[in-house]
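Here is the structure we will look at, set down as structure tokens.
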Amino acid sequence: MMPRTEPLRPALATAAPAAWPLQSRLELAALPGAVPCARLHTRQLLWEWGLTALAETVELLISELTTNAVNASAKSAGSQSGGPRAGGLPVIQLCLASDRRNVLVRVWDSSRETPRRQDVATEAESGRGLLLVEHLSAQWGCYLPEASAGKVVWAIVTQAAI
Ligand SMILES: Nc1ncnc2c1ncn2[C@@H]1O[C@H](COP(=O)(O)OP(=O)(O)O)[C@@H](O)[C@H]1O
Ligand SMILES: [Mg+2]
């Protein structure tokens, strides 16, 4: 499924909290270590939520999205000062939510650039992250929050998708 960007509202991703009664939010400095931290957090949280069946898929997805968010933050550092910072470092935010069956992942970074899925050559070593996100998720997309800097890349993992 192709990503959705504004002006199309990602209705599921921005749905009222009642639609996603289980919620978690983690802020991490935008450094490479954020990626394993995000993975560990996800594994633990999905265990707590009784959703271990989805854990591997969500972890992989989060690995790709947080890697991209860290890279985007590094690129935009200096050119943009919007968004929260931790001790002077740019941060990324990881929000996980669930309706006890499906998992909504949202990763915020301070860059206004939106992801671009590429057609990659067979021998290329990079450029497959979003292909994987597309493959692992039932739906994914990106939106620019109206009230704040940066952007959110989101994806939904459903029981049916695994
Ligand atoms: N969070 C993001 N912010 C800005 N650009 C992004 C983001 N995620 C992905 N992109 C863009 O989309 C491209 C494709 O991403 P991806 O498929 O993960 O491949 P790779 O990360 O290996 O380049 C990236 O090279 C980047 O230009
Ligand atoms: Mg990537």
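Quick note: the coordinates plus some simple rules give every number you see, no bench work behind them. Bear in mind that the values here come from a model prediction, so they are computed numbers and not experimental data. Note that we place each Cβ from the backbone using ideal geometry, even for glycine, and neighbour counts take in every protein chain shown.
Computed from the C-alpha gyration tensor, the three semi-axes of the ellipsoid equivalent to the range 21-162 are 23, 19, 14 Å, from longest to shortest. Each residue of the range 91-99 was assigned a 3J(HN,Hα) from its phi angle through the Karplus expression (A = 6.51, B = -1.76, C = 1.60, θ = phi - 60°), giving 10, 10, 10, 10, 10, 10, 9, 8, 9 Hz with x at Gly and Pro. Take 131-140, 91-100, 48-57 and order them by the average number of nearby Cβ atoms within 10 Å per residue, most first; the result is 91-100, 131-140, 48-57. Restriction of the trypsin sites (Lys or Arg not before Pro) in the range 113-155 to DSSP coil positions whose beta-carbon has at most 12 other beta-carbons within 10 angstrom yields Arg116.
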